[in-house]
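Undergrad: So that we are looking at the same thing, I have put the structure below in structure tokens.
The values are calculated or read from the model by the stated rules, or taken from the named source; none is laboratory data. Remember, it's a predicted structure, so these values are computed and weren't measured experimentally. FYI the Cβ positions are ideal-geometry reconstructions off the backbone, even for glycines, and counts take in every protein chain you see. Surface accessibility is based on the protein's heavy atoms, side chains included, excluding ligands, DNA and RNA. Shrake-Rupley method; radii C 1.70, N 1.55, O 1.52, S 1.80 Å.
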Amino acid sequence: MTTLTRNWAFRIAGGAGLVAFGLFAAVFFVPPDVEKAWVYTIGFMVAVLAVLLAAASRLSATHSRLGVRPRTRLGWWAVGLAAVGLVLAVALPATLMQLAATIEGPMVAASNVVVLGFLAAIAAGVVGAVAWFRRAERSVLVLLTMLPALFALYFLIGEFVFPH
């Protein structure tokens, strides 16, 4: 860990994380809704940048090369959870909406399935972060699992911050 604190990219990632946290806190103090939404969105963009910078600094600190396939069990779990999240959040609700016109009677609400998909995406991001930063995973697929997790967090938190 001391190697990461001496790495300039990791310091910038930490600063970007602090800026993102400050922007999230500022959401509660910005009066108009339009500006509040922009501050919230920019905060998540800065958070994504912080995650990517931290991952890049980890690669440069360990002098590792990127791979495509996961090498660890946690890496495969992250990719699998991301695939399940994608199916539950996108494919299954689309199928349910197509079948809703032909099926009479009660059906599962598509929003319930989407929330389960978002939870699977968040779990994939957490498992991917643990695999990347603690288990020396160097797969691009594992790194990409963090992006849907951040989007799911962005969407779910946004539903509570901006109720409609």
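Undergrad: When a/c is below 1.5 the answer is rounded, else prolate if a/b is larger than b/c, else oblate, so apply that to segment 88-134 with a ≥ b ≥ c taken from the square roots of the Cα gyration tensor eigenvalues. The partial results should precede the final answer.
TA: Values: a/c = 6.68, a/b = 3.74, b/c = 1.79.
Note, shape of segment 88-134 comes out prolate.
Undergrad: Ignoring everything except DSSP H segments at least 4 long, calculate the 222 nm mean residue ellipticity for the chain; use -39,500 (n - 2.57) per segment, divide by total residues, nearest 500.
TA: Helix-only estimate at 222 nm: -24500 deg cm²/dmol.
Undergrad: Still on this model: Note down the relative contact order for the chain as a percent, whole number, built from C-alpha pairs under 8 angstrom at least six residues apart.
TA: Once divided by the residue count of the chain, the mean separation gives 24 percent.
Undergrad: So, one more: If you take the beta carbon distance between residue 83 and residue 111 as r and set R0 to 22 Å, what does 1/(1 + (r/R0)^6) give as a FRET efficiency, to the nearest 0.05?
TA: About 0.60, to the nearest 0.05.
Undergrad: Tell me the per residue accessible area of the chain using a 1.4 Å probe; a whole number in Å² is fine.
TA: Accessible area per residue, the chain: 63 Å².
Undergrad: Got a number for carbon plus sulfur as a percent of the chain's accessible area, 1.4 Å probe? Don't jump to the answer; show the numbers that get you there.
TA: Numbers: 7540 of 10270 Å².
With neighbouring chains kept in place, the figure for the chain is 73 percent.
Undergrad: For the chain, what is the charge dipole size about the Cα centre, in debye to the nearest 20, if Lys and Arg each add +1 at the Cβ and Asp and Glu each add -1 at the Cβ?
TA: So the magnitude is around 1060 debye.
Undergrad: For a quick check of your reading of the filter: which trypsin sites (Lys or Arg not before Pro) in segment 22-130 sit in a DSSP loop and have no more than 12 other Cβ atoms within 10 Å? All intermediate terms of the calculation are to be shown ahead of the outcome.
TA: Numbers: sites: 36, 58, 65, 71, 73; in loops: 65, 71.
Sites meeting the loop and neighbour criteria: 65.
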